[in-house]
Amino acid sequence: MILGPPAHTFDLHGMTVLEAARAARHFLEAQRRARPGAVVRLVTGRGRGGGGAPIRTRVRALLRAMREEGGVVSDYELEEGEGSFLVRLSAGGATSRRAPGRPRG
C-alpha cells in the first residue's frame, strides 16, 4: 500500500456505470472538502466472470481526469486483487472544475 490506509471507504457495488461515476465524483469532492490530503478507498469490484470490469474501467478514467484537472485528486492506485482504488485527495487550494482546455488562473 503506497498511499497509506484510507480514512473512509465508499462502495460502488450495485450501481450502474453511470451512477457509479456520478457517485464517485460526488464522494471525492465531498471528502476533499472534509478531509483535504486524506486517502480514501473507492470499491469498484473486480467485474463479473467474462464481463470485464466496467465500473472499475470508468472509475479509473474518472480518477485520471480528476487528477489532470487538479483540485480534488492528487494521486491514486489500484489495490491489486481487492477490486478497489486508493485515492489521495488534494491537500490545498480551492476545488476547481475548470473547462477542459482552459488555462488555470
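Take the residues in segment 1-42 that are in contact with an Asp or Glu (Cβ under 9 Å, 6 or more places away or on another chain) and exposed (fewer than 15 other Cβ atoms within 10 Å of the Cβ); name whichever of them is nearest to SER74 (Cα to Cα). Filtering first and then ranking leaves ILE2.
Within segment 45-65, take every residue that is surrounded by 17 or more Cβ atoms within 10 Å (Cβ to Cβ) and modelled with pLDDT of 95 or more and give me the one that is nearest to the chain's Cα centre (by Cα). It comes out as LEU63. All conditions but one from (1) touching a Lys or Arg at 6+ places or on another chain (Cβ under 9 Å); (2) modelled with pLDDT of 95 or more apply to LEU28; the one that does not is (1).
Being at pLDDT 95 or above and acidic (Asp, Glu) is a condition met by no residue of segment 80-93. Segment 2-87 holds strands (runs of 3 or more DSSP E) entirely within its bounds, and those carrying 2 or more residues that are in contact (Cβ under 8 Å) with a residue 40 or more places away in the chain and touching a Pro at 6+ places or on another chain (Cβ under 9 Å) map to 39-43.
The values are calculated or read from the model by the stated rules, or taken from the named source; none is laboratory data. If you're wondering where the values come from, they're calculated on a predicted model, not measured in any experiment. Here the Cβ is made from the backbone with ideal geometry for all residues, glycine too, and neighbour counts use every protein chain on show.
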